[in-house]
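Chemist: The structure is given below, and queries will be raised subsequently.
The values are calculated or read from the model by the stated rules, or taken from the named source; none is laboratory data. In this text the structure is predicted, and so the values were computed from the model without any measurement. Cβ placement follows ideal geometry from the backbone for every residue including glycine, while neighbour counts extend to all protein chains displayed. Please note that ligands, DNA and RNA were not included when accessible areas were found on the heavy atoms of the full protein model with its side chains. Shrake-Rupley method; radii C 1.70, N 1.55, O 1.52, S 1.80 Å.
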Amino acid sequence: MAEISVLSILFILSFCLAPVTISVQSDDHETFIIHVAKSHKPHVFSTHHHWYSSIVRSVSPSSHHPSKILYTYERAAVGFSARLTAGQADQLRRVPGVISVIPDQVRYPHTTHTPTFLKLADSFGLWPDSDYADDVIVGVLDTGIWPERPSFSDEGLSPVPAGWKGKCVTGPGFPRSSCNRKIIGARMFYKGYEASQGPMDESKEAKSPRDTEGHGTHTASTAAGSLVANASFYQYAKGEARGMAIKARIAAYKICWKTGCFDSDILAAMDQAVDDGVHVISLSVGANGYAPHYLHDSIAIGAFGASEHGVLVSCSAGNSGPGPYTAVNIAPWILTVGASTIDREFPADVILGDDRVFGGVSLYAGNPLNDSKLPVVYSGDCGSKYCYPGKLDHKKVAGKIVLCDRGGNARVEKGSAVKLAGGVGMILANLADSGEELVADSHLLPATMVGQKAGDEIREYVISDPSPTATIVFKGTVIGNSPAAPRVAAFSSRGPNHLTPEILKPDVTAPGVNILAGWTGANGPTDLEIDPRRVEFNIISGTSMSCPHVSGLAALLRRAHSKWTPAAIKSALMTTAYNLDNSGKIFTDLATGEESTPFVHGSGHVDPNRALNPGLVYDIETSDYVNFLCTIGYDGDDIAVFVRDSSRVNCSERSLATPGDLNYPSFAVDFTSDSNGVVKYKRVVKNVGGNPNAVYEVKVNAPLGVEVSVSPAKLVFSEENNSLSYEISFTSKRSEDNIMVKGTPSAFGSIEWSDGIHSVRSPIAVRWRYQSAVSM
């Protein structure tokens, strides 16, 4: 499992557990989110808030600690959150009109060259055709924003869009002047946080939209930061920094605090963002481990409501890779983004005493080691193989370079531990779970990271040689085709989708490794207390960084195609994505060194200019998502959590036969004992390519062991018929006995519709999951 640097320890964990239910603070109350049926409000109450207050009073008439409403939800959801005892929560579940009562849960955040890597240009394509997303509003839900950074300059921007209803909420260190024509709104949501953790320590964090962590400033400037000349992190990554959508406006919603991001606050922020008038929500936050079921996932519930109001929600897939089933934010109405590399490296080589050289990466910006080689020791022989603070033996470490194993704690914290123990340098070695993934960090002492293979050889040398020595040589910034890019990060969470196997997740991958963007002025680049440095830009990694890239691209597409739905924008990004690196080979998965698959990278890496004119789109309406929920076994009461008007829900009249019939731009197929070796899906595509009489023919790249047929194989559009349907059939050519012997294999392929101008590609991911077969 991989860990992401420069965020606080609570923020950078790679997760493997279920979402954490919040414990009570000082009494027996805890926070619950209560979803209600809007139509059940008795006429005697003038507003829903009055009704909610009456409900709460009815379950705590004589309590010494009366229950308190924290938020009411109107747009992204319908209901409220309140402090209740477990007994009161049980009573609420029996109140007419109350659909569900869910305990609050905590989530965590999952950062110059990427526009060039994405082939965005001022002279052609998506940037000029969208006017750089002028007047599109991106709501960034994160740790807040540091408004003084040059990335948030409003120079040259037009007035604030007329339809904007948001506010610039002031607070400590955040006057009204913090907002401008770039940052047009800023709010903070902390009631759930304080209800769980007690009053905020305002000497350590700001009860205002100001970002004291750095994560939110980084994501906001990545999505929609203004153009900044001569940007860099010390001597690294020098150049022109710009967000994906430089004319888009930013609305910052601070939802994350020292101990995480609470569902009640997240849902309140999503609700407010929709009401304020954002067009895109960028949310680099997710569950702590496996994705909760949609019915219990406040992000999924809020995103459904946002989508119903025409707002696209882009989320990070998570940093819990490389294990399977680790992707979160996987509801089909969410655009789920994985992380991959770009063609920029920060090499820092290890040279051993026997003159062998091993390539690594680093963002160390201090004085280099001298030319002579220094003694090197292995941390496992010095008290702590993972280099935990306070655990290394000073007598064994002082004056030496220390080889530390990756894992267990933050990468930069390891270097801090070595420095505090008297060490003069660090070599950080990947273990098997991180493979050859290299993530550069702004270490406090001379340090570099090497892959697993190099790490194993260096460790063997250090342990076996009687007098091992080494040095580290820092080489700055290198841009080029070696190594090939993109490659999928080992930390990037991946599928298969453990909730709905018929929906392929993640959807796409985007730049998320070693990304330069704006940073807070309140925190050092490592987020360590002993780090006194303050920087305008920082380089960090994570799906938190890839998500705002795609959020910005979605803003550009919305400006270029103002009538497209969120699903159409998502479809354009997915069907135009590519899966070949810049050497012409299928992406590498850095966790394994093998070819990546759609379970790892989804439809592929985003290609912004092709997404501008995708040819065909797979559109989805709210009623389709309701039918999808019916197919996975939800009843009317369950679905009422998502929709505003539960009277519209009638699962007996659903139009989808299976979850796989949702009009999704990709295909995930599970052959089980019940499928009889045949799976069929239906799809509808809409012609948006400019030629109303276009004719598309399909090319099939069938997965190994599967016969794929598409009917019809030719789609003839006209002005009268700009939407056409087709059926795709998957037939297994592998016997159940063969599958049982070989375990549970997977196979991958694609179909591609083309009219000679456009190529509309959909990946296919197939699994065989017969009951007696070994589980994957």
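Chemist: Along the positive direction of the dipole of region 347-476 (beta-carbon charges: Lys, Arg +1; Asp, Glu -1; about the Cα centre), which of G455, P375, G422 reaches farthest?
Modeler: G422
Chemist: Still on this model: Dipole size in debye (nearest 20) for region 347-476 around its Cα centre, Lys and Arg Cβ +1, Asp and Glu Cβ -1?
Modeler: 440
Chemist: Here is a further query. Between K38 and T672, what is the spin-label point distance in nm, taking each point 7 Å from the Cα along the Cα→C-beta axis?
Modeler: 3.4
Chemist: Accessible area per residue, 1.4 Å probe, Å², for the chain: what's the number?
Modeler: Per-residue value: 35 Å².
Chemist: Same structure again: May I ask which residue of H309, A273, N329 lies farthest towards the positive end of the charge dipole of region 235-352, with charges of +1 (Lys, Arg) and -1 (Asp, Glu) on Cβ and the Cα centre as origin?
Modeler: Farthest along the dipole direction, towards plus: A273.
Chemist: Then there is this: Roughly how many percent of the accessible protein surface of region 347-476 is carbon and sulfur, given a 1.4 Å probe and a whole-percent answer?
Modeler: Ligands and nucleic acids excluded, carbon and sulfur reach 51 percent.
Chemist: Determine, from the Cβ-Cβ distance of K258 and N481 and an R0 of 41 Å, the FRET efficiency 1/(1 + (r/R0)^6), rounded to the nearest 0.05.
Modeler: That gives a FRET efficiency of 0.45.
Chemist: Also, I was wondering about something else. Among all the aspartates and glutamates, which ones have a C-alpha under 20 Å from K699's C-alpha, if same-chain residues fewer than 8 places away are not counted?
Modeler: Straight-distance partners of K699: E707, E727, E752, D755.
Chemist: Compute the convex hull volume of the Cα atoms of region 347-476, divide it by the residue count, and report the result per residue in Å³ as a whole number.
Modeler: 89
Chemist: Can I ask one more? Can you figure out the FRET efficiency of E719 with H394, using R₀ = 60 Å and their beta-carbon distance, to the nearest 0.05?
Modeler: It comes to 0.15.
Chemist: Let me ask something additional. Where nothing but the Cβ of Lys and Arg (+1) and of Asp and Glu (-1) is charged, how large is the charge dipole of region 33-162 around its Cα centre, in debye to the nearest 20?
Modeler: 1240
Chemist: I need the fraction of alpha carbon pairs in region 77-119 separated by more than 15 Å, rounded to a whole percent.
Modeler: 61
Chemist: Further, regarding this structure: Binning every alpha carbon pair distance of region 633-733 at 5 Å from zero, what are the percents per bin?
Modeler: Distribution as computed: 2, 10, 17, 16, 15, 14, 11, 11, 3, 0 percent.
Chemist: Let me ask something else. Quote to one decimal, in nm, the extra length available between I632 and A432 on full extension: 0.36 nm per residue of separation minus the C-alpha distance between them.
Modeler: This chain segment gains 68.4 nm when fully extended.
Chemist: Considering Cα pairs under 8 angstrom that are at least six residues apart, work out the relative contact order of region 29-102 and quote it in whole percent.
Modeler: 49
Chemist: So, one more: How big, in percent, is the set of alpha carbon pairs in region 106-195 lying more than 21 Å apart?
Modeler: So the pairs more than 21 Å apart make up 48 percent of the total in region 106-195.
Chemist: Pick the calculated Cα extents along the principal axes in Å for this structure from (1) 77, 64, 60; (2) 79, 68, 59; (3) 94, 68, 54?
Modeler: (2)
Chemist: Just for the chain, what percent of DSSP beta bridges are antiparallel, to the closest 5?
Modeler: Percentage antiparallel, nearest 5: 65.
Chemist: Calculated FRET efficiency, H309 and E707, Cβ-Cβ r, R0 41 Å, to nearest 0.05?
Modeler: Using R0 = 41 Å, I get an efficiency of 0.45.
Chemist: Something else now. When 1/r is averaged over all different Cα pairs and the result inverted, which Kirkwood radius in Å belongs to region 569-648?
Modeler: 15.5
Chemist: Ok, one more. Going 7 Å from the Cα of D129 along its beta-carbon direction, which residues of region 523-566 have the amide nitrogen within less than 11 Å of the resulting point?
Modeler: Backbone N within reach: 557, 560-561.
Chemist: Okay, next question. Could you please tell me the mean projected area of the C-alpha convex hull for region 462-529, averaged over all directions and given in square nanometres to one decimal?
Modeler: Directional mean of the projected Cα hull area for region 462-529 stands at 10.5 nm².
Chemist: How big is region 247-397 in terms of Cα radius of gyration and Dmax, in angstroms?
Modeler: 22.6, 65
Chemist: Here's a follow-up. How big is D for region 29-102, in µm² s⁻¹ as a whole number, if Stokes-Einstein is applied with the Kirkwood radius of its Cα pairs at 10 °C and 1.306 mPa s?
Modeler: 131
Chemist: So for region 458-589, averaging the separation of alpha carbon pairs under 8 Å that are six or more residues apart and normalising by length, what relative contact order in percent results?
Modeler: So the answer I get is 28 percent.
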